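Colleague: This structure is in structure tokens; I'll ask about it shortly.
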Amino acid sequence: MSARVVVVGDIHGCLDELRLLLAACAFVPGTDVLLSVGDLVNKGPQSAEVVSFIRSSGAWCVRGNHDDAALAAYYGRRTSTPEADPTSFATRYDYVDAFTPEDVEFLEQLPFSIALPEIDTLVVHAGLAPQNLYKMRYLTPSADGWTASEASPATGGLWAPQYQGPPFVVFGHDAKAGLQECPFALGLDTGCCYGRKLTAVILPERRLVSVPALKMHCVPNIPAPTAL
């Protein structure tokens, strides 16, 4: 793979910070490849604009749990049948009304993983366990091997330090843990929407680049990690 691949952590509607990050990476459209770990939307101020930007720029993106939530809200607002989850109609999803048909189609076709075999790298949203690629943080040992979960288990811990590779995995999803630099995995969710940072890794050199958030767009319900 001759082109640089710029993999960006969870954007969450922070389009201004994304533009600053791409400038900090000296990103060259048409030459470099832009790849998102998912969660394009929610929490930040420009969710619909981020989807439009990522789609129209030809970027690659994996499916995040918040991207799925946006689709559920989009369709929930267009049916007379109430959704099981009433938050589908919450005002925080008002931005879905600005989606174009092309935006919706783009979100619908997002894959759960993107492989970069030439550099032995896999990009997922949350982790690497069957059926849990886009919604997991922890691994617990079990009789069958490992059990993935979102909530912190009594035994086990964050999945990335336990993962032994290959391939090298780049992921997001876990702002609580912050930047996770492990031998075979790299977590890029550094909580931009919470007023922290937006982070990218440039592949294949694995160089990290971050820009500070312009403001706290969403009040976190989790403590900030001790270091990023």
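Colleague: Is it true that Thr87 is assigned to a loop (DSSP other than H, G, I, E, B), open to solvent by 30 Å² or more (accessible area, probe 1.4 Å), of a type in the set (Val, Ile, Thr) and modelled with pLDDT under 85?
Modeller: No.
Colleague: A follow-up question, please. Determine which single condition Val169 fails, assuming it passes every other condition in (1) modelled with pLDDT of 90 or more; (2) over 26 Å from Pro45 (Cα atoms); (3) over 16 Å from the mean Cα position of the chain (by Cα).
Modeller: All conditions pass for Val169, except number (3).
Colleague: Quick one: which residue in Val41, Val62, Val5 is modelled with pLDDT of 95 or more, over 14 Å from the mean Cα position of the chain (by Cα) and under 20 Å from Val123 (Cβ atoms)?
Modeller: Testing whether each residue is modelled with pLDDT of 95 or more, over 14 Å from the mean Cα position of the chain (by Cα) and under 20 Å from Val123 (Cβ atoms) leaves just Val5.
Here's the yes/no breakdown for (1) open to solvent by 20 Å² or more (accessible area, probe 1.4 Å); (2) touching a Ser or Thr at 6+ places or on another chain (Cβ under 8 Å); (3) in a loop (DSSP other than H, G, I, E, B); (4) of a type outside the set (D, E, K, R):
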residue	(1), (2), (3), (4)
Asp174	no, no, yes, no
Ala177	yes, no, yes, yes
Leu186	no, no, no, yes
Ile202	no, no, no, yes
Glu205	yes, no, yes, no
Val209	no, yes, no, yes
His217	yes, no, yes, yes
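Colleague: Would you tally the residues in the stretch 161-170 being assigned to a strand (DSSP E or B) and either closer than 15 Å to Leu139 by Cα or open to solvent by 10 Å² or more (accessible area, probe 1.4 Å) (or both)?
Modeller: 1
The values are calculated or read from the model by the stated rules, or taken from the named source; none is laboratory data. Not measured: the values here are computed from a predicted model. Neighbour counts run over all protein chains shown; Cβ positions are idealised from the backbone, glycine included. These area figures cover heavy atoms from the full protein model, side chains too; ligands, DNA and RNA do not enter into them. Shrake-Rupley method; radii C 1.70, N 1.55, O 1.52, S 1.80 Å.
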